[in-house]
Amino acid sequence: MNRQALILGGVVATAALSFVAYNNYKEQQQVGRPVVVADLPKFSVGDDVDKITIKDGKKDEIVLEKKGDKWELTKPVTALANQEAVKGILSNLKELKINERVDLKIDDTVKKAKHLDDDQVLHVVAFKGAEKKADLFMGESLLQVDGKPNDVFKAKGLSRYLFAKEAKDWREKEIFKFENDNAIQVAIKNKNGDFSFTKGDKGWAGTIKGAPIDRFDESKVKDLLLDYKSLSADDFADGKADADTGLAVAEGTVTITLKDNAGKYLLNVGKVSSGDARYAKKDGSTVVFVVGKSAAAWATAGKDKFQKVIADAGADAAKEAPKTAHHDDPND
């Protein structure tokens, strides 16, 4: 091979390698090759934060504000906030540390792919008074910081899911909270009659309209208490009138009394909201809840809900029947 051919071959090989390197570089730009730099943005979120705003894409803005020692949801509705949910995002913001800058060319295609476009990005701002303590735009796994629109970062501890909640999930859903073993009386009122269940030394006894319930099954009362001891709302029905919810005259009322005057819990249950769920209000509250099938079914139950099925009742009767001596008849 002559010298000219060797030179030509080298030029071709060099061009090919350059082409591959260029393609790799472009690929890395799109994938996002992490580049550690010294001047990473920093922010500090402490216990003095008193307001947090969250805008998840096109959804309604969430505004959480600290009032006294409690957090409240002030937008899109005004209500007591779920304190544990707020505690979770505060903890995450405190621990969140930007540790890498990602070498990405920011354009509309990249923003959409990384969930950083206006329709998908989760914008979180934490305030102390009027001062911004953090202003972050969270994507699927990357984030941007206010003031640096052309930069994308990775952050240790980023937990977007903690912030991406529906408005109802930022609210306090707890309706009742008690120890079911402390319950000594349960009363239910509905179209089927007035039920009364009382706990005595030998267990639970039940009556309807003042008469004992035949084939009474005390395990059903225990099931009711399991459903009510940590009762939480499925949803809320803000702005609905009592006439619309059926709570002007409740379709069912459940009252649970605890021993040693430790408390009484009363839930009024109204019309069907959707499916098997119903509107409800607890005594002393103006909040209209939506409760699930189990809680609603107890409030509107008939007598059969607290009875043993015929087969079970027969089996129990056989167990309790007195045993008599049996003698084979020699004539049989």
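Annotations for the structure displayed:
- Counted residues, the range 226-241 - those being more than 23 Å from residue 178 (Cβ to Cβ) and among the charged types (D, E, K, R): 2
- For the range 237-252, the count of residues that are within 30 Å of residue 62 (Cβ to Cβ) and in contact (Cβ under 8 Å) with a residue 60 or more places away in the chain is at least one.
- Extreme residue, surrounded by the most Cβ atoms within 10 Å (Cβ to Cβ), among residues of the range 270-283 that are in contact (Cβ under 8 Å) with a residue 24 or more places away in the chain and more than 22 Å from the chain's Cα centre (by Cα): 270
- Verdict on residue 154 being more than 25 Å from the chain's Cα centre (by Cα) and either closer than 29 Å to residue 80 by Cα or charged (D, E, K, R) (or both): yes
- Qualifying position, being in the same structural domain as residue 58 (by TED's automatic domain parsing), within 30 Å of residue 281 (Cα to Cα) and not hydrophobic (A, V, I, L, M, F, W, C), among 165, 148: 165
- Residues (surrounded by fewer than 16 Cβ atoms within 10 Å (Cβ to Cβ) and part of a strand (DSSP E or B)) located in the range 155-170: 156
- The number of residues in the range 284-299 being within 19 Å of residue 171 (Cα to Cα) and more than 20 Å from the chain's Cα centre (by Cα) comes to 3.
The values are calculated or read from the model by the stated rules, or taken from the named source; none is laboratory data. All values reported here derive from a predicted model rather than from experimental measurement. Cβ sites come from the backbone with ideal geometry, for glycine too, and all protein chains shown count toward neighbours.
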